[in-house]
Structures are given as structure tokens and as C-alpha cells.
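In what follows, a structure is listed as C-alpha cells, so that the remarks can point back to it.
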Amino acid sequence: MTPVMQNRDEPQPGDRVPAPGNLRLVQSFVNSRWDLERELEDEFEDKDGLAKWLVDRDLIAAGTTVSDADHRRALDARDGLQALLFANNGVELDTEAVERMERAFRGPGPLVHLRVDSTPSFTPWRPDLDGALGLIGTLAAIAQLDGSWLRLKACPGEDCGWAFYDHSRNQASTWCSMSVCGSRAKARDYRRRQRSSRAKRSRGD
């Protein structure tokens, strides 16, 4: 089985360019839960949703059973990865989420395919959740080693958390989209300043 992430056309807020190469699978895993339009959707809401996501990406075979324990591990892995991506964007690290992620990733790693004339490739060691999580964790680790990881960030917008890849030269992007979360943040700041100004006038400051 070979993950097909590079061939998937998954929409990005603000028409952002997705993460490069295999890191796109990690990005998609985190973005299985989102709230860009204030209507929370979660592809992993239940075991069937998780199984569909894995099948769609050739990580497990159709008909593979996903247990309650598998479902919980996948959620823990996703929450921990998102916590790391929030930290990449200056948010305090949720160490408890990372610890749960590390427990979820305990298991055999992926198969490494070495080539003479191309870069190595990785596939799940077997078509089940262990193989899928092993692959996702390995790809995240490789990104940390090659330096691309710090560009993958979770948007700090209220109720957002969308994982986006910061392609800017100075890695200064904060929001998944200025037209969505950036605008919301500016509106909140404006309302806060207005309330503060009115409070000062009422006190006679």
C-alpha cells in the first residue's frame, strides 16, 4: 500500500498551498477536525469515519475493523500533533496532549524502501491502525529533522486549529487565512479597544 496524499486535492483556507511531499499526510491527519466556518466537523467523530479516512488514503484496506481503542488512539495522536503545531505558532505547549500522543504512537514503525536512484519511501508496515500511526509519526519526525516541521503550524484563531504550511520566506504567517481567522481576530481586538475606551470615559479617565 502506498499513501496517495500527493495526488489528493484537499482545499486549503485562503487558497494556501498545502504542505510539501509526505508532510501533507500529517497535515491532513490533523485537519480531520476543523471549525473554519464555526460549524465543527470531525471526520473522526466515530470509528466508521476514521476507517473511511484511512481507506481513502490507502492506509488500510476496505473492510478493515477499527476498534474503540483504535479510535481513541487516533484521537490522542491527532490532539498531540496539533498541540505541537500550536507550539510552532507561539502557543504554550499542551504537554499532556503530547504525552498521550507518544503513547498512541507506540508500535512498529513503517517499512522503509531504499532506492538507488531516488529518495527513500515509506509505507505502513501492515494495513491497520498501528501501521498508519507508525507512518504518520515517522513522517512528522522526518520533517523535524529536515527543518520543514516548523513551517507547519496550527492556526490560533478562536475555535480553529487548522494546520497550514507557512510558505512565507520569514515564516511569519500566523493565521490559516487573513480573510477568515485574521479578520475575526482584528474584529475582536477592535471591539475590545472600544469597550476599554468606553469604560475609561465612564470613569472620567
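The values are calculated or read from the model by the stated rules, or taken from the named source; none is laboratory data. Source: prediction; values computed, not measured. Positions of Cβ are generated from backbone atoms using ideal geometry, with glycine treated the same way; all protein chains shown enter the neighbour counts.
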>> For region 91-116, give me each residue that is assigned to a loop (DSSP other than H, G, I, E, B) and surrounded by 18 or more Cβ atoms within 10 Å (Cβ to Cβ).
In response: Phe105, Pro110
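Among the aromatic types (Phe, Trp, Tyr), surrounded by fewer than 18 Cβ atoms within 10 Å (Cβ to Cβ) and modelled with pLDDT of 75 or more - does that describe any residue in region 179-198?
No, there is no match, as no residue in region 179-198 is among the aromatic types (Phe, Trp, Tyr), surrounded by fewer than 18 Cβ atoms within 10 Å (Cβ to Cβ) and modelled with pLDDT of 75 or more.
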> In region 109-138, which residues are of a type outside the set (Ser, Thr, Tyr), touching a Phe, Trp or Tyr at 6+ places or on another chain (Cβ under 8 Å) and within 17 Å of Asp76 (Cα to Cα)?
Replying inline: Gly131, Leu133, Gly134, Leu135, Ile136, Gly137
>> Condition first: exposed (fewer than 14 other Cβ atoms within 10 Å of the Cβ) and of a type in the set (A, V, I, L, M). Can you find one or more residues in region 27-39 that meet it?
In response: no
>> Based on this model, can you work out whether Pro124 counts as touching a strand residue (DSSP E or B) at 6+ places or on another chain (Cβ under 8 Å), farther than 14 Å from Met101 by Cβ and without any contact (Cβ under 8 Å) to a residue 60 or more places away in the chain?
In response: no
> Does any residue in region 35-47 that is under 16 Å from Ser67 (Cα atoms) and basic (Lys, Arg) come within less than 7 Å, Cβ to Cβ, of a residue that is modelled with pLDDT of 65 or more and assigned to a loop (DSSP other than H, G, I, E, B) six or more places away or on a different chain, and which pairs are these?
Replying inline: Lys47/Val66
>> So for region 109-120 (the condition being more than 19 Å from Arg151 (Cβ to Cβ), in contact with an Asp or Glu (Cβ under 7 Å, 6 or more places away or on another chain), free of Cβ contacts under 8 Å to residues at least 40 places away in the same chain and among the hydrophobic types (A, V, I, L, M, F, W, C)), does at least one residue qualify?
In response: no
> Which residue out of Arg72, Arg57, Arg33, Arg24 is in contact with a strand residue (DSSP E or B) (Cβ under 8 Å, 6 or more places away or on another chain) and basic (Lys, Arg)?
Replying inline: Arg33
> Just checking, which of Gln27, Gln6 is at pLDDT below 90 and part of a helix (DSSP H, G or I)?
Replying inline: Gln6
> Among Val98, Val91, Val116, which is more than 16 Å from the chain's Cα centre (by Cα) and among the hydrophobic types (A, V, I, L, M, F, W, C)?
Replying inline: Val116
> Hey, which of the strands (runs of 3 or more DSSP E) in region 117-173, taking only ones fully inside, have at least 1 residues that are buried (at least 16 other Cβ atoms within 10 Å of the Cβ) and modelled with pLDDT of 95 or more?
Replying inline: 152-154, 163-165
> Can you pull out the residues in region 41-88 that are of a type in the set (Gly, Ala, Ser) and surrounded by 20 or more Cβ atoms within 10 Å (Cβ to Cβ)?
Replying inline: Ala51, Ala74, Ala77, Gly80, Ala83
